[in-house]
Each structure stands twice: as structure tokens, then as C-alpha cells.
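Student: Here you go, one structure.
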Amino acid sequence: MVYAAFRSIGAYVPQKTLTNEDLTRMVDTSDEWITKRTGIKERHIATDDEFTSDLGLKAAQKALERSGIAKEDIDMVVCATISPDYFCMPSTATIIATKLGIKNATAFDISAACTGFVYILSIAKAFIESGMKKNVLIIGAEKLSAITDYSDRGTCILFGDGAGAAVISATENKEEAIIDVHTSADGEYADLLMTPNGGSGSAHDALDKEAAGCFMQMKGNETFKVAVRTLTQDVKDILETNNITSESIKHFVPHQANYRIIKAVGDALKMQPEQVVLTVAKYGNTSGASIPMAINDIYEEGRLEAGDLMLLDAFGGGLTWGSALVLFSPLQ
Ligand code: ACO
């Protein structure tokens, strides 16, 4: 039997920061409101000539180096993004693979918004367990500043840019394998979070970005309530299905959208503060990149050790949601 193991992590954040104070000069808001309602203090913003693939590339380079697996042995590259370099094609994954010098591997993007990393983790796991692939590079990369309306105070205070990546590889040792990944979606809630124009559903005259239709629009308060309810249930389910208690979790790594959502779900699961990984204050919501960026933070702080059990959970546009029970199993 072949299993999938989580071997390494890497991340990259652009240098420039956008603080709450900066935002008060752009929209009618305050540091106090943003901090109280979201927990966010600042986010990182890519430069005009820095694309999503550039962020993803730097994160992927770190993850590859740390994996001990040669780039020649990577047979699939998957990128989760809602802010790809190009609308439709080529995929951001193919651009990153080529810049890394990975040739002839399968490469594609997926769109699951903030749940993107959990989705690509499940894809890597499934391909490896089926025997179709051996070493899969997964990347969550976002330049959300490119699809953010900086005149809408309800959304522009939330989002930031960044990327995170991981290498998942085959193992015969069940003791080091990813335990479980859940993914779900419900299009009934599609209108809570969307970029309404720019796709095949748009009239040609609405394709102009000036019409702001390519920017993210969100019914924040409704999304908040569905997020807390859905995530709490999903995380309880994955723990119960696998007969694992919340005390056994070393690191609870939730999607970093809003401190209040994380706190509500963490409290419902009786997580202790030291179990909960929090990066929302410094990065804001980086959608599909937020979970691997948070894992990278605890790795670089020396808090993530071989054998540690992580519980991941995420929620985003679609609506999509998912959770995962993952052991950190580096080869080196
Ligand atoms: N500064 C000051 N006031 C503001 C701001 C702002 N930046 N934004 C909104 N307000 C005002 C509103 O206009 C409203 O005023 P009113 O009462 O006079 O009408 C008031 O603050 C309350 O607004 P709410 O939207 O109810 O505020 P809420 O407490 O819900 O916080 C937030 C808004 C932060 C967006 C929250 O709803 C949230 O985090 N939602 C979930 C986001 C999420 O998880 N999305 C999924 C992932 S994202 C993805 O997939 C890409």
C-alpha cells in the first residue's frame, strides 16, 4: 500500500507592507475597527511587476530545497490560486514548473479560493495513493491586491499577497502518512463571495476591469456566520471520523481570514492558545496561500518538528471548505 507524506514547507511574502494606518488614508476606516473586527494589523503587497507565479516560485524553491527531493523527481505541480498570472491560460502552475526547471510533469491550477491549499493537498494525496504520481509539489499563491477594490472598505482591509508551498511524496510507512483530508463545496452560497465579471458569464462590454467586476465582492457578515458554523462542524467530523481528540493536535492551523472566526472555531474545539497558529495580524487573508504560509512560520520559528500532528481547516468562496489531519514527515 502506498501512502502520501508531507515532507517540506516553504513560503514567500513580498517586501512592501500595507498597514491599517495606510488604509485609513484610502477609505473611511480606522486601525481600531480593523483590529477589533478582524485581528489584522498589516498585509504584504506585491509590486506591479511581481506576478503570482513569482511569489509561488520563491515559496516552491524553499519547499523543494527543504524536501531533499530533486526537481527531476517531481512528477506533478499543482497551484491553488484565484489570482492567476493570466486569465484562463497558461496556468500559473506551468509557469512555476518551467521557472523551476521541472520538465514534463503534470501541471495545473485549481480554483477553490481560501480552501485551495486543502484541495491541492487532497489532490496530491489521491494521485500518490493511486500510484499515478510519486512526488507532488503543491503551491498556494495569491496576488490578491490585483483583484481587490481599494475603494471598498468592506474587502480591501482584509486581503494580502503571498505564497506557500509543500512537497508531498509517496511512502510505504503508514506511520508518517497524511491521515485524512476532507473537501466540500456548496454553490447555493456562490453569491456571498465572488468576482462577478470577467468570465464567460459576462457580456463583452462588462469585461472592462474599470467596471470593477473583476474585483472580489463579499457579503462579509453572512459569510462570517456560515464560516463559523460550517468549519466547526467539519473539523469536529474529521476528528471524530479518525478517532482523534483535539488535545492530540500539536498545531491547529486554520485559514487566516479573521481572528474572530479562528477564535470561535478554536473555542468550540476547546483548543488551547498554544495549539492555535495565528498569522492573520501580519499577513491578512492571503486565500489559498494562508495555510502553507502559517505552517512555514512555525517551521522557521523552530516550532514544527518531525512527527507533529497538524489540523488544517479552511473556508472560502464557492463556497468551499475543508480540513485535514497531517503529520509533518520530513525526509531530512
Ligand atoms: N471600517 C469601518 N467600518 C466598516 C468597515 C471598515 N473597513 N467595513 C465595514 N464597516 C461598517 C459597515 O458599513 C457596517 O456599518 P453599519 O452598521 O453602519 O451598516 C459595520 O461596519 C458592520 O459591518 P459588518 O459587515 O456587519 O461587519 P463584520 O463584523 O461582519 O466584519 C468582516 C466584516 C471583517 C468582513 C467579517 O464579516 C468577515 O471577516 N467575514 C468573513 C470573511 C471570510 O471569512 N471570507 C471567506 C474567505 S475569503 C476568500 O475566499 C477569498
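The values are calculated or read from the model by the stated rules, or taken from the named source; none is laboratory data. A quick note: this is a predicted structure, and the numbers were derived from the prediction, not measured. Every residue, glycine among them, receives a Cβ derived from its backbone with ideal geometry; neighbour counts consider all protein chains shown. With ligands, DNA and RNA removed, areas are computed over all heavy atoms of the protein, side chains included. Shrake-Rupley method; radii C 1.70, N 1.55, O 1.52, S 1.80 Å.
Student: At 1.4 Å probe size, with every protein chain present, just tell me what the per residue accessible area of the chain comes to in Å². The partial results should precede the final answer.
Tutor: Values: 14300 Å² over 332 residues.
Value returned for the chain: 43 Å² of accessible area per residue.
Student: Now for a separate question. How much length would be gained if the chain were fully extended between Asp48 and Lys236, taking 0.36 nm per residue of separation minus their Cα-Cα distance, in nm to one decimal?
Tutor: Full extension from Asp48 to Lys236 adds 63.5 nm.
Student: Need one number for the range 24-143: average projected area of the convex hull over its C-alpha atoms, nm².
Tutor: Taking the Cα atoms of the range 24-143, their convex hull projects to 9.3 nm² on average.
Student: To continue, here is another question. Keeping all protein chains in the complex and leaving out DNA, RNA and ligands, what accessible area do you get for Thr148 with a 1.4 Å probe, in Å² to the nearest 10?
Tutor: 10 Å²
Student: May I pose another question? Full-extension gain between Lys36 and Leu331, please, as 0.36 nm times their residue separation minus the C-alpha to C-alpha distance.
Tutor: 102.1 nm
Student: Moving on. Mind listing the phi-derived Karplus ³J(HN,Hα) values for the range 255-265, rounded to whole Hz, using 6.51, -1.76 and 1.60 with θ = phi - 60°, and x for any glycine or proline?
Tutor: Along the range 255-265, the couplings run 4, 9, 9, 7, 4, 5, 5, 4, 5, 4, 5 Hz.
Student: Let me ask another. Largest first, how would Tyr3, Tyr259 line up by accessible area (1.4 Å probe)?
Tutor: Tyr259, Tyr3
Student: Moving on. Taking the Cα-to-Cβ direction at Asp28 and at Asn243 and moving 7 Å from each Cα, how far apart do the two end points lie in nm?
Tutor: For the pair Asp28/Asn243, the computed spacing is 5.8 nm.
Student: Pairs of Cα atoms under 8 Å, at least six residues apart: use those to get the relative contact order of the chain, whole percent.
Tutor: Taking the mean separation of contacting Cα pairs over the length of the chain, I get 27 percent.
Student: Would you mind telling me which residue in Val118, Val276, Val13 has the biggest mean-square fluctuation in a Gaussian network model of the chain, where springs connect alpha carbons within a distance under 10 angstrom?
Tutor: Val276
Student: If you don't mind, there's one more thing I want to ask. Please compute the Kirkwood hydrodynamic radius of the chain from all pairs of different C-alpha atoms, in Å with one decimal.
Tutor: Mean inverse Cα-Cα distance, inverted, gives 19.6 Å.
Student: So, one more: Order the following by accessible area, largest value first: Trp321, Trp33. Probe radius 1.4 Å; ligands, DNA and RNA are ignored.
Tutor: Order by accessible area, largest first: Trp33, Trp321.
Student: Per 0.36 nm of contour for each residue apart, how much would the distance between Ser184 and Glu129 grow if the chain were fully extended, relative to their Cα-Cα spacing?
Tutor: Extra length from Ser184 to Glu129 when fully extended: 17.8 nm.
Student: Right, here's the next one. Between Arg229 and Lys103, how high is the FRET efficiency from 1/(1 + (r/R0)^6) when r is the Cβ-Cβ distance and R₀ = 56 Å? Nearest 0.05. Numbers along the way, then the final one.
Tutor: Values: r = 45 Å, r/R0 = 0.81.
With R0 = 56 Å, the Cβ-Cβ based efficiency is 0.80.
Student: Still on this model: In the full protein assembly as shown, how much of Lys71 is accessible to a 1.4 Å probe, in Å² to the nearest 10?
Tutor: 80 Å²
Student: Name the residues whose placed amide hydrogens come within less than 5 Å of the amide hydrogen of Cys214, ignoring near sequence neighbours (fewer than 5 apart) on the same chain.
Tutor: Asn197
Student: Rank these by accessible area, largest first, 1.4 Å probe: Thr81, Thr245.
Tutor: The most accessible residue leads, giving Thr245, Thr81.
Student: So what is the calculated 222 nm ellipticity per residue for the chain, using -39500 (n - 2.57) for each DSSP H run with n of 4 or more, over all residues, to the nearest 500 deg cm²/dmol?
Tutor: Value at 222 nm, helices only: -9000 deg cm²/dmol.
Student: Distances longer than 18 Å among the Cα atoms of the range 235-280: what percent of all pairs is that? Intermediate results must be reported in sequence, preceding the final value.
Tutor: Numbers: 233 of 1035 pairs.
More than 18 Å apart: 23 percent of the Cα pairs in the range 235-280.
Student: Say R0 is 51 Å: what FRET efficiency, to the nearest 0.05, do Glu21 and Asn173 get from their beta-carbon distance?
Tutor: 0.55
Student: How large, in percent, is the carbon and sulfur part of the accessible surface of the chain at a probe radius of 1.4 Å?
Tutor: 51 percent
Student: What does the accessible area of His251 come to, in Å² to the nearest 10, when a probe of 1.4 Å is used?
Tutor: 10 Å²
Student: Can you list the HN-Hα couplings for the range 35-45, worked out from phi with the Karplus curve (6.51, -1.76, 1.60; θ = phi - 60°), rounded to whole Hz and with x for Gly and Pro?
Tutor: Karplus values, whole Hz, x for Gly and Pro: 5, 5, 7, 10, x, 8, 10, 7, 9, 9, 10.
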